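The values are calculated or read from the model by the stated rules, or taken from the named source; none is laboratory data. Everything numeric here is computed off the predicted structure, so don't read it as measured data. Using ideal geometry, Cβ is built from the backbone for each residue, glycine included, and neighbour counts are taken over all protein chains shown.
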Amino acid sequence: MLDTLITGGMIPDFDAGVMKPANVGISGNKVHFVGDSEPAAREVIDASGCVVSPGFIDIHMHEENFAEGRQYVIADLMLRMGVTTALGGNCGIQYQPMAEFRQNVHALHGAPINYMIVSGYNRYRYVLGLGHHDVITRAQQDQIRQFIQKDLEDGAIGISFGIEYDPIMTTEEMLYACKAADSPDHLVTAHYRTDADGAIDSIREMIRIQEEIPGKYQISHLSSCSAFGQMKEALDMIHEYMDRDPRLDYDTYPYSAFSTYIGFTTFDGEDPMKQWGKDYPDLLLTEPPYENVRCTKEIFEDARKNYPNMLAVAFAMNEDEIRMAVADSRGMIASDGIISGGKGHPRAAGTFPRVLGKYVREEGALSLVEAIRKMTDAPARRLGLKNKGRIFEGADADLVIFDPETIADRATFTETALPPDGIRLAYVGGIKALEGHDILCRTAGNVLGINGKIL
Ligand SMILES: [Zn+2]
């Protein structure tokens, strides 16, 4: 007898490019049945009118910062929007070494979602005491390579860089670090060197890195790199390269505002909002004493000086170009979700429902099945997760059930953690982990290594 039978829903058929009706059965932690009949089950869930999707896989987020207390914050937001597996440690800013992260998850007896981690390069520059503009020595490069090697041995699946955050970093410095990740299974992700006018050159640099490494290269959040008038050219360039070498790919988030720390180099220079054709009031601060405050020159300068670790939100990108990347036939949807002191950007709580509500249902920018593919099958293949991202007999029972007529993000720039509408249930490893907005289980998720190995 099955543990659970989910009846009457529609599941994605990526090969045919359509949604199709099917009942889905779960036994233990696996999908055990997919078909028209109704085998006996201990629990039957009526999913009429709903989509039964593989759990969403967020290939770009920022993991739990356990230094803020041993608890889950961002993983809860992820689960509430239907994410069941996420890759943390991106943009070079992994919060803690891989071993420590694993220990924390094990001490908590599991996680709300499955976690994978890339080793953050910039973090190790800071551990060595290097500032954003300090030239690195060969001895320090070797030390960082050892840190990264240790993370990889402990289960990190690759390396991440935040090139923009330490602009002194050369391509050669990155390639030297990449020698630590010498397997075709390793993933190198990078937050580009410069956005807007520098976007195309930045993508060119990242393509060069792809040409030199054995693994896969992921251009991080293309949205905040190129949605300032460069998206079309950026996508053309990426497509042309991917036609030859599909190891390259990218992720993008569905918001026309970006978020990062106010103290970061992103905001260096005289009148920094000018670089995006914007002004101080287009920058929103997120924590006391400037919670939900739009900047003036004075507030901006005070925040940078006295609260450099406060997240700021810049309303700076073009919506048309955000849509272009969301609807593109290549690339993946990812949240870039980041939380600091419980505050951040609504993308951490709304990304996937926003794509399904705004871009699929309301604007018809892409089909439902294509959107689901970009948030399940595409990242699963990228991450070597053979048993995730599709619904088949033997697949991991990571599932999300949502109503395509009502799914919508509710999180805003002032209420960043509001859970979405339309997500009914989520299963992580066969365990019913979410019902509506309520988290029922915080321990069903594992830390996963290369090819989804449970660590
Ligand atoms: Zn980033």
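I'm checking my understanding of the structure. Among residues of the stretch 81-107 that are among the aliphatic types (A, V, I, L, M) and more than 16 Å from the ligand (Cβ to nearest atom), which one is farthest from the chain's Cα centre (by Cα)? Checking each candidate, the answer is ALA107. State whether the residues of the stretch 170-187 include one that is within 16 Å of the ligand (Cβ to nearest atom) and in contact with a Cys (Cβ under 7 Å, 6 or more places away or on another chain). No, the stretch 170-187 contains no residue that is within 16 Å of the ligand (Cβ to nearest atom) and in contact with a Cys (Cβ under 7 Å, 6 or more places away or on another chain).
A Cβ distance below 7 Å, combined with a sequence gap of six or more or placement on separate chains, defines the contacts here; from the stretch 208-220, residues that are more than 25 Å from MET231 (Cβ to Cβ) reach residues that are surrounded by 20 or more Cβ atoms within 10 Å (Cβ to Cβ) in the pairs ILE213/CYS178; ILE213/VAL188; GLY215/GLY158; GLY215/ALA181; GLY215/HIS186; GLY215/LEU187; GLY215/VAL188.
Do the conditions hold for LEU87, that is, is it surrounded by 24 or more Cβ atoms within 10 Å (Cβ to Cβ), modelled with pLDDT of 95 or more, assigned to a helix (DSSP H, G or I) and not aromatic (Phe, Trp, Tyr)? Spelling it out, it is not the case that LEU87 is surrounded by 24 or more Cβ atoms within 10 Å (Cβ to Cβ), modelled with pLDDT of 95 or more, assigned to a helix (DSSP H, G or I) and not aromatic (Phe, Trp, Tyr).
Candidates in the stretch 231-240 are the residues that are in contact (Cβ under 8 Å) with a residue 40 or more places away in the chain and buried (at least 19 other Cβ atoms within 10 Å of the Cβ); of these, the one that is farthest from the ligand (Cβ to nearest atom) is LEU235. Scanning the stretch 217-229 for residues that are part of a loop (DSSP other than H, G, I, E, B) and either of a type outside the set (A, V, I, L, M, F, W, C) or over 20 Å from TYR165 (Cα atoms) (or both) yields a count of 3.
Would it be correct to say that PRO214 is surrounded by fewer than 18 Cβ atoms within 10 Å (Cβ to Cβ) and either assigned to a loop (DSSP other than H, G, I, E, B) or among the β-branched types (Val, Ile, Thr) (or both)? Here the answer is yes, as PRO214 does meet what is asked. Where strands (runs of 3 or more DSSP E) sit wholly within the stretch 12-58, those with at least 2 residues that are more than 18 Å from GLU393 (Cβ to Cβ) and not polar (S, T, N, Q) occupy 18-21, 41-46, 56-58.
Of all residues in the stretch 215-222, at least one satisfies being within 20 Å of ASP336 (Cβ to Cβ) and away from the ligand (no atom under 16 Å from the Cβ).
Per-residue answers, yes or no, for (1) in contact with a helix residue (DSSP H, G or I) (Cβ under 6 Å, 6 or more places away or on another chain); (2) outside any loop (DSSP other than H, G, I, E, B); (3) modelled with pLDDT of 95 or more:
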residue	(1), (2), (3)
GLU393	no, no, yes
GLU415	no, no, no
LEU425	no, yes, yes
THR443	no, no, yes
